[in-house]
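Below is one structure; the comments refer to it alone.
The values are calculated or read from the model by the stated rules, or taken from the named source; none is laboratory data. Only a predicted model underlies this, so the values are computations on that prediction, with no experimental measurement involved. Neighbour counts run over all protein chains shown; Cβ positions are idealised from the backbone, glycine included. Just so you know, the surface numbers come from the protein's heavy atoms only, side chains and all, with ligands and any DNA or RNA stripped out. Shrake-Rupley method; radii C 1.70, N 1.55, O 1.52, S 1.80 Å.
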Amino acid sequence: MRLVVDAVRNAEKVGGTGSRLLSGQTEEWRELEDQFAKFAGTESALFFTTGYAANLGLLSSLIGKEDVVFSDQRNHASLIDGMRLSGARKVIYPHLNLNALEDALRLSTGPTHRRVIVTESVFQHGWRYRTIG
């Protein structure tokens, strides 16, 4: 956590400055990503500005047109958009219905490259909001 605080404190630009493509990369963030990659034992790391952007970037880069993606019916829009950008064939199964998912996986045969399951750990769609006042 201290590394993130230091990176934010020392950065010239933080927040709604646009993407790195528009605003440019800073040395503080490159160092932070390098330190995190070393901590995680990976070749590199990339921080995204939002969870939405992370889901888009991850799914559209790891899943391809030859793949089949199995998606929970209530997945967040960022996951759905990432799958859509990937070009993969999508199979949507009923919310939290693992029997239906298992059946769909069994039926999914053919020349596809990979079968990928995309789901959330916390679903927001069931929440009820109430206005106070």
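Annotations
- Which listed residue is among the aromatic types (Phe, Trp, Tyr), in contact with a helix residue (DSSP H, G or I) (Cβ under 7 Å, 6 or more places away or on another chain) and surrounded by 17 or more Cβ atoms within 10 Å (Cβ to Cβ), from Phe48, Phe70: Phe70
- Members of the range 68-85 that are modelled with pLDDT under 95 and polar (S, T, N, Q): Gln73, Asn75, Ser78
- Yes/no for Ala37 being open to solvent by less than 60 Å² (accessible area, probe 1.4 Å), more than 12 Å from the chain's Cα centre (by Cα), modelled with pLDDT of 95 or more and closer than 25 Å to Val8 by Cβ: yes
- Taking the range 91-111 as the range and being farther than 19 Å from Val122 by Cβ, open to solvent by 50 Å² or more (accessible area, probe 1.4 Å) and at pLDDT below 95 as the test, the residues that pass are Arg106, Leu107, Thr109, Gly110, Pro111.
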